[in-house]
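The values are calculated or read from the model by the stated rules, or taken from the named source; none is laboratory data. If you're wondering where the values come from, they're calculated on a predicted model, not measured in any experiment. Positions of Cβ are backbone-derived with ideal geometry, glycine not excepted, and every protein chain shown enters the neighbour counts. Side chains included, ligands, DNA and RNA excluded: accessible areas come from the protein's heavy atoms. Shrake-Rupley method; radii C 1.70, N 1.55, O 1.52, S 1.80 Å.
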Amino acid sequence: PCHAIMSNYKIEDYYIVELPNSLELSQRYLRAVLDQETYSKIHFVHAEDLGTLASRNYDLCINVDSLAEMDIEVVRYYLEYIAGNADYFYVKNPVGKYLDKSLDNHAEGDEVVRMALGAGPLTDVIDVHDNLAVEGKVSDFLEAYRPGSGWDCLGQSWAPPFSYYWQAIFQKHNKRAQ
């Protein structure tokens, strides 16, 4: 999302919080595709250093396809951080887990599959080819990724191209009064 957002909007600061390998890849890619002035507005933060940003306020936090892979305690930490430091939150993640070997042949092995099934806030195994089963998990998705009780869902929908991905945008209650 960073490349698209920085290329299309006037952004003062953009923070990417990631694991070291992904952070390094992001730095290389963005340095290659953005001009120096735009690139200089991006702050790359190691995930373990998120706490050093505690006093910041963000207009929008974005999570795409990673909260479902984290330990639930880490997910809660991120959502609490977002609840206390952001005005809006966009999330795109799966609504559940799947065991369909035709999708990945479980190439990483049974232990990795077991770990994946237990990660994230949504651990129910669903038939990802059944749109009714996917839609049946939307309310769980919205509740799992709502940063806190003081947040409203402004919109939500299926997130193409994967049948079992959903997206939502949340807004902090007090932003509506402003």
Query raised in the report: In the stretch 140-160, how many are open to solvent by less than 80 Å² (accessible area, probe 1.4 Å) and within 16 Å of P121 (Cβ to Cβ)?
Result: 10
Query - Residues within the stretch 117-134 that are open to solvent by less than 30 Å² (accessible area, probe 1.4 Å) and among the acidic types (D, E), tallied - result: 0
Report summary line: Of (1) of a type in the set (V, I, T); (2) part of a helix (DSSP H, G or I); (3) farther than 28 Å from E80 by Cβ, V128 satisfies every one except (2)
Query raised in the report: Between a first residue in the stretch 1-27 that is in contact (Cβ under 8 Å) with a residue 12 or more places away in the chain and polar (S, T, N, Q) and a second residue that is assigned to a helix (DSSP H, G or I) and open to solvent by less than 90 Å² (accessible area, probe 1.4 Å), which pairs have beta carbons less than 8 Å apart while being 6 or more apart in sequence or on different chains?
Result: S7/T38; S26/C2
Query raised in the report: So is G84 over 13 Å from the mean Cα position of the chain (by Cα) and either farther than 24 Å from E135 by Cβ or open to solvent by 70 Å² or more (accessible area, probe 1.4 Å) (or both) or not?
Result: yes
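Return the only residue of Y90, Y78 being among the aromatic types (F, W, Y) and part of a helix (DSSP H, G or I). Let's see the steps before the verdict.
On the way: Y90 fails: part of a helix (DSSP H, G or I).
On inspection, the qualifying residue turns out to be Y78.
I need a count of the residues in the stretch 135-160 that are among the aromatic types (F, W, Y) and more than 14 Å from the chain's Cα centre (by Cα).
Pass one, the stretch 135-160, residues among the aromatic types (F, W, Y): 141, 145, 151, 158.
Among the residues that remain, those that are also more than 14 Å from the chain's Cα centre (by Cα) are: 151, 158.
Qualifying residue count, the stretch 135-160: 2.
What number of residues in the stretch 53-75 are in contact (Cβ under 8 Å) with a residue 24 or more places away in the chain, assigned to a helix (DSSP H, G or I) and open to solvent by 60 Å² or more (accessible area, probe 1.4 Å)?
Total satisfying the criteria: 1.
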Requested in this report: Give me a count of the residues in the stretch 17-45 that are farther than 24 Å from V74 by Cα, open to solvent by less than 90 Å² (accessible area, probe 1.4 Å) and not in a loop (DSSP other than H, G, I, E, B).
Outcome: 5
Query raised in the report: What about L50, is it modelled with pLDDT under 95 and either assigned to a helix (DSSP H, G or I) or among the aliphatic types (A, V, I, L, M) (or both)?
Result: yes
Query raised in the report: Does A168 count as assigned to a strand (DSSP E or B) and either buried (at least 18 other Cβ atoms within 10 Å of the Cβ) or of a type in the set (F, W, Y) (or both)?
Result: yes
